[in-house]
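Participant: There's a structure below that I have some questions on.
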Amino acid sequence: MNVSTRVDVAFQRCIHPSCATTYGIEEIRVGCGECGGLLDVAYDWDRARPPRQLADFEQLWSRRHEPLPHSGVWRFHALLPFAEPEHIVTVGEGQTILQRSTSVADYVGLSGGELYLQYEGLNPSGSFKDNGMTAAFTHARSVGAKRAACASTGNTSASLAMYASVTGLMKAIIFIGSGKIAYGKLSQALDYGALTLQIEGDFDDAMQRVREVSSKLGIYLVNSVNPFRLEGQKSVMYRVLEALRWEVPDWIVVPGGNLGNSSAFGKAFIELKELGLIDRVPRLAVINAAGASTLFELYEKRGLRWQQGAPQTELVDDYYAELDAAHRRASTIASAIEINRPVNLMKSLRALEFCDGVVRVATDQQILDGKAQVGAGGFGCEPASGASVAGAKMLCEEGVIGPDERVVCILTGHALKDPDVTVAYHAGDEEMFERVLGSRGVKSAAFANSAVPVANNLDAIVQAIEQHA
Ligand SMILES: *Cc1c(COP(=O)(O)O)cnc(C)c1O
Ligand SMILES: [Zn+2]
């Protein structure tokens, strides 16, 4: 095997402190061989020697013409040092921005505070997934993988398909559920030439199958159960801090699906704190869709906690048994978070513990109204991302987020990923609204910006413009 990872500083380790079994960085694993737990990528920081202060990363800005400093992920290579620089696979991901929004701040009720939107939809494939895929691809290449697979609600497959086609390093195989994928995302996977398998079933079914098939055929799995993906996703937090000139905000609010982001963000802050690079930690809010609310149910209602690595796993088993007995399937308009069995549940609990976190659910109505607010005041986002804004509003109304706090909402995907939903919300076409949104319990489109029908007649057009603008 052609191993080109940094065996001297990086290794894999079971996340449960009572087990803590370690594995080489060159191993391809999706779980601990001893206890079945999730794995972390871990580092010997004394050898890796990261910068003494975060502002030291700014020196790299002057080398933006080089591929690694140019990448918003690998600019922070020193905080995810598992690969040698010459083996890193990058397509220039992570050129994303943090934008302050006063209109969304007003909407959520931050009267004296500040609300920022982190636009991860500006990544090359249009979602935050590229932050993780560059890291997973780097590891896959370093261990000599020729084929990579994922189950996807759409964006992971778009990202995998893009990295496979741009780099020509691997064949992409993607598993999607039937009828559960937004066309913007499906079109990417097809366009980029990935082998696309549409499984009869939903995401949770596809996820189970891809795990079986990957282990049977020795295909490299790039779902977020892959610990290397989460290393790349830590960089979202580094960029937020960078944009805030290394000041830690009060809150990070993120939608929760498979819980890779919340897990990665938590790990980022655990490490930054341990390294003495930050002196305080933001609070974390994870927002589930009401129709896919496993984390909310377990954390907020049933009291499941990480408990420093000894979570009450029987609560999880009981809940999943209940879901099965009731034949309950995840269901939300925000297809990217339509997941009932989040693979990173345990890591997310760890993040919630470290960041004094909270979990909330947003209905599809709240998600779409939040999304419309983002669209009206900025670059827009896909439905799942609207959950961040909906969640921030809820937490402000509850008084959990104070009116003077500094809040960062993560916008996970690009506005053009799911145009059907956006058009159905805005168009003012009753039949379309009913078919796409009404069937999911959405009743109104309070912030709709409908097209104005006008006769093909100069006077009528002039009149319409004067009347509306
Ligand atoms: C994948 C995805 C999510 C869910 O993120 P997790 O890390 O799985 O919780 C949310 N929004 C968008 C747009 C996504 O593509
Ligand atoms: Zn273990």
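The values are calculated or read from the model by the stated rules, or taken from the named source; none is laboratory data. As the structure is a computational prediction, the values presented were derived from the model and not from experiment. When the accessible area is computed, the model is the full protein with side chains, heavy atoms only, and any ligands, DNA or RNA have been set aside. Shrake-Rupley method; radii C 1.70, N 1.55, O 1.52, S 1.80 Å.
Participant: Could you tell me how many degrees, from 0 to 90 and to the nearest 10, lie between the Cα long axis of helix 458-468 and the main elongation axis, the longest principal axis, of the Cα atoms of the chain?
Facilitator: 60
Participant: Relative contact order for segment 43-156: what percent, with Cα pairs under 8 Å and sequence separation of 6 or more?
Facilitator: Details: 118 pairs, mean separation 24.1, N = 114.
With pairs under 8 Å counted, the relative contact order is 21 percent.
Participant: Short version: what are the Cα gyration tensor semi-axes of segment 148-225, square root of 5 times each eigenvalue, largest first, in whole Å? Walk me through the numbers before you get to the answer.
Facilitator: Working: eigenvalues 58, 52, 15 Å².
Calculated on Cα positions only, the semi-axes equal 17, 16, 9 Å.
Participant: Which angle from 0 to 90°, rounded to the nearest 10, does the C-alpha axis of helix 203-217 make with the longest principal axis of the chain?
Facilitator: Between helix and principal axis, roughly 30 degrees.
Participant: Related question: Plugging the Kirkwood radius over Cα pairs into Stokes-Einstein for segment 209-287, at a temperature of 25 °C and a viscosity of 0.890 mPa s, what D comes out in µm²/s?
Facilitator: Numbers: Rh = 13.9 Å.
Reported coefficient: 177 µm²/s.
Participant: Plugging the Kirkwood radius over Cα pairs into Stokes-Einstein for segment 332-407, at a temperature of 25 °C and a viscosity of 0.890 mPa s, what D comes out in µm²/s? Each step should come with its number before you reach the end.
Facilitator: On the way: Rh = 13.6 Å.
Roughly 180 µm²/s, to the nearest whole number.
Participant: Translational diffusion coefficient of the chain at 4 °C, 1.567 mPa s, Stokes-Einstein with Kirkwood Rh over Cα pairs, in µm²/s as a whole number. Mind dumping the intermediate values first?
Facilitator: Values: Rh = 22.5 Å.
This corresponds to a translational diffusion coefficient of 57 µm²/s.
Participant: Taking only the alpha-carbon positions of segment 283-366 and ignoring solvent, what does the Debye formula give for the base-10 log of I(q)/I(0) at q = 0.11, 0.20, 0.23 Å⁻¹?
Facilitator: Log10 of I(q)/I(0), two decimals: -0.28, -0.92, -1.17.
Participant: A further question on this structure: Kindly sort HIS139, HIS87, HIS70 by accessible area of their heavy atoms, largest first, with the probe set to 1.4 Å.
Facilitator: On the way: HIS139 0, HIS87 55, HIS70 75 Å².
Reading off the accessible areas and sorting them downward yields HIS70, HIS87, HIS139.
Participant: Taking a ≥ b ≥ c as the square roots of the Cα gyration tensor eigenvalues, with a/c under 1.5 meaning rounded and otherwise prolate when a/b beats b/c, else oblate, which class fits segment 341-469?
Facilitator: Working: a/c = 2.84, a/b = 2.08, b/c = 1.37.
Prolate.
Participant: To the nearest 10 degrees, how steeply does helix 364-376 sit against the main Cα axis of the chain, on a 0 to 90 scale?
Facilitator: Helix 364-376 and the main axis of the chain meet at about 80 degrees.
Participant: Can you work out the Karplus-derived ³J(HN,Hα) for every residue in segment 102-116? Use 6.51 cos²θ - 1.76 cosθ + 1.60 with θ = phi - 60°, whole Hz, and x for glycine or proline.
Facilitator: 6, 5, 6, 4, 4, 4, 7, x, 8, 5, x, x, 10, 10, 10
Participant: Which shape class applies to segment 129-286: rounded if a/c is under 1.5, otherwise prolate when a/b exceeds b/c and oblate if not, where a ≥ b ≥ c are the square roots of the Cα gyration tensor eigenvalues? Walk me through the numbers before you get to the answer.
Facilitator: Working: a/c = 2.16, a/b = 1.78, b/c = 1.21.
The shape class here is prolate.
Participant: Report the percentage of all Cα-Cα pairs in segment 51-155 whose separation exceeds 24 Å, rounded to a whole percent. List each step's numbers first, then the result.
Facilitator: On the way: 2092 of 5460 pairs.
The calculated P(r) of segment 51-155 puts 38 percent of pairs beyond 24 Å.
Participant: Pop out the ³J(HN,Hα) list for segment 300-306 in order, Karplus 6.51 cos²θ - 1.76 cosθ + 1.60 with θ = phi - 60°, rounded to Hz; leave Gly and Pro as x.
Facilitator: Working through the residues one at a time gives 8, 8, 10, x, 5, 9, 5 Hz.
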